[in-house]
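Just below is one structure, and these are the notes that go with it.
The values are calculated or read from the model by the stated rules, or taken from the named source; none is laboratory data. Given the structure is predicted, the values throughout are model-derived calculations rather than measurements. So basically every Cβ, Gly included, is an ideal-geometry build from the backbone, and we count neighbours across all protein chains shown.
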Amino acid sequence: MAQSLIQTQIPWTVLNCDNFIAGAWVKGLAGSLSVHSPYNGMQIGKVSLPTTAQVQTAMVSASNAQKAWAQLPIKERSKVLYQFRNILLRDLDSIAHLKSSESGKTFSEAKAGLMKGIEVLEFALSIQNLDLGGKVEVSKGVTCEYRREPLGVIANITPFNFPAMVPMWTIPIAIALGNAYVWKPSDKTPLTSLKIADALSEAGLPAGIMTVLQGGQATVEAIIDHPVVKAVGFVGSTKIAKLVYQRATQLGKRALALGGAKNHIVLLPDANPEMSGPGISDSFTGCAGQRCMAASVLLAVGKNDPQIEKHIQNVVARASSLKLGPDMGALITRQQKEFLISAIDRIEKAGGKILLDGRKAKAPEGFEGGNWLGPTIIDQVQPGSEAATIELFGPILSIVRCQDLSEAMRIENSVEYGNACSVFTSSGALAERVSREASTGMVGINVGVPVPREPFSFGGTNASKFGHGDITGHQSLDFWSSIKKITTKWEAQTDSNWMS
């Protein structure tokens, strides 16, 4: 398959995207939705929606299959996941191509996202060697041990911006631990689920262990409400994350819902310009700014400092060099593009100084019908304003001028979100101060997108996360499983104490 829609301009056929139930693709009987490519607005998919009865059938199949899956040793389950890894690597280009066509990502971004998902898969393969349980003689003749057991059927609801990476944060870990997995992809980017489910099936995953249910709010509510679902994972906006968390926990289920962000980058005068320019620019323009780890606000420390001005010029130059299509993808919908243009208009009227105006960027030739917006950099943004506090979710960088680092950290801590904060500096002491004071779950030092690598876990704080723990890494194991404690005594003792 060709590598890039932009490069090849090939016509698209409409893919039928159904529901994966009991190991087979089943047409939903509750209506359908159309999928349009952000590149050109063309319809590339048609999604069928499941009825309540079909959801019920899917849940029964998942619950029944899980019982046998859980009885297999983790080494046997890991063999299936290893084959799954090989298939994903074999089909890497075709999956990335499909991802880019439905999400608007560049081909390289789509490929990188899948590789990050494969990294989590490789961590899941290591669980069989890392998480071996534990057994200790706690008193003479008495031992205590723990065993990790699956929850049963778990569900995950994923966003449009990473159709493969975000589900791959949870699919391999949850399945390796012995759970059955119910996945509700975004109704804007459901086509990648075809590839993922088929790859798992080819790898030998038993029917029913992976279920894919398409749709929107009605499907989400049916999944959360079903009694066999024991835990719910979610990634999306803070508003919906809070609702998902409340609905699931009110039913007594585990829930971990990751929400939005308003990430800050602290720029200090002593930063290395070879790192700050591309690091800051790539952070807010990557994935067209449609990621929860994108830089939104640049806290430029040192008013009228000539070094700060040079750093900002480097960021503008880097962002200005990007070409829509080859270097930066499209926005997910026309409505999002219109929202962002209106936001830029409001910010400018409020006194923001436009250093780089993405409204004037030209769409790639032949793709004028797509949802294109160029990188936008706005200076003189005021703390507390819309540009400084609201998640816009696009390639927009707002610059807030700060007198000193103390002012910058006060601004960083004033925002309700707590996903990520980065600092660009050559000073270890100042970097440590930012790491210590930032009210976020993830911190980057001279790194614009501080996504931890496995086995370090992913997750924010404050209004960026509802629930306890993180969704990947070691911390995720306790969310997707339960611990059984066993105390054993085989012989009567002549001497005893309270522990006997």
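Of these, 215, 252, which one is free of Cβ contacts under 8 Å to residues at least 24 places away in the same chain, of a type outside the set (A, V, I, L, M) and not in a helix (DSSP H, G or I)? Quick ask: steps written out before the conclusion?
On the way: 215 fails: free of Cβ contacts under 8 Å to residues at least 24 places away in the same chain.
From the options 215, 252, the qualifying one is 252.
Can you find a residue that is basic (Lys, Arg), under 25 Å from residue 229 (Cα atoms), assigned by TED's automatic domain parsing to the domain that holds residue 473 and buried (at least 20 other Cβ atoms within 10 Å of the Cβ) anywhere in the stretch 58-79? Looking for residues that are basic (Lys, Arg), under 25 Å from residue 229 (Cα atoms), assigned by TED's automatic domain parsing to the domain that holds residue 473 and buried (at least 20 other Cβ atoms within 10 Å of the Cβ), one finds at least one in the stretch 58-79, hence yes.
Would you point out which residue out of 184, 135 is more than 17 Å from the chain's Cα centre (by Cα) and either at negative phi or surrounded by fewer than 24 Cβ atoms within 10 Å (Cβ to Cβ) (or both)? Walk me through it before giving the result.
On the way: 184 fails: more than 17 Å from the chain's Cα centre (by Cα).
Going through 184, 135 in turn, the sole match is 135.
Looking for something in the same structural domain as residue 268 (by TED's automatic domain parsing), assigned to a loop (DSSP other than H, G, I, E, B), surrounded by fewer than 23 Cβ atoms within 10 Å (Cβ to Cβ) and over 25 Å from the mean Cα position of the chain (by Cα) - is there at least one such residue anywhere in the stretch 411-431?
First pass over the stretch 411-431, keeping only residues in the same structural domain as residue 268 (by TED's automatic domain parsing): 411-431.
Among the residues that remain, those that are also assigned to a loop (DSSP other than H, G, I, E, B) are: 415-416, 419, 425-427.
Filter once more, so that each one left must be surrounded by fewer than 23 Cβ atoms within 10 Å (Cβ to Cβ): 416, 426-427.
From the residues that got through so far, the ones that are over 25 Å from the mean Cα position of the chain (by Cα) too are 426-427.
The answer is yes; a qualifying residue exists.
The set of residues from the stretch 388-409 being under 23 Å from the mean Cα position of the chain (by Cα), among the aliphatic types (A, V, I, L, M) and outside any loop (DSSP other than H, G, I, E, B) comprises 388, 396, 397. The test for being in a helix (DSSP H, G or I), touching a Phe, Trp or Tyr at 6+ places or on another chain (Cβ under 9 Å) and either small (Gly, Ala, Ser) or closer than 30 Å to residue 364 by Cβ (or both) holds for residue 99. Scanning the stretch 373-392 for residues that are in contact with a Phe, Trp or Tyr (Cβ under 9 Å, 6 or more places away or on another chain), farther than 12 Å from residue 347 by Cα and crowded, with 24+ Cβ neighbours inside 10 Å yields one hit, 375. Specify which of the listed residues (117, 104) is at pLDDT 95 or above, at positive phi and buried (at least 17 other Cβ atoms within 10 Å of the Cβ). Step by step, each of 117, 104 is checked, and only 104 is at pLDDT 95 or above, at positive phi and buried (at least 17 other Cβ atoms within 10 Å of the Cβ). Is it the case that the stretch 394-409 has a residue that's farther than 30 Å from residue 429 by Cβ, touching a His at 6+ places or on another chain (Cβ under 9 Å) and assigned by TED's automatic domain parsing to the domain that holds residue 280? Within the stretch 394-409, none of the residues are farther than 30 Å from residue 429 by Cβ, touching a His at 6+ places or on another chain (Cβ under 9 Å) and assigned by TED's automatic domain parsing to the domain that holds residue 280.
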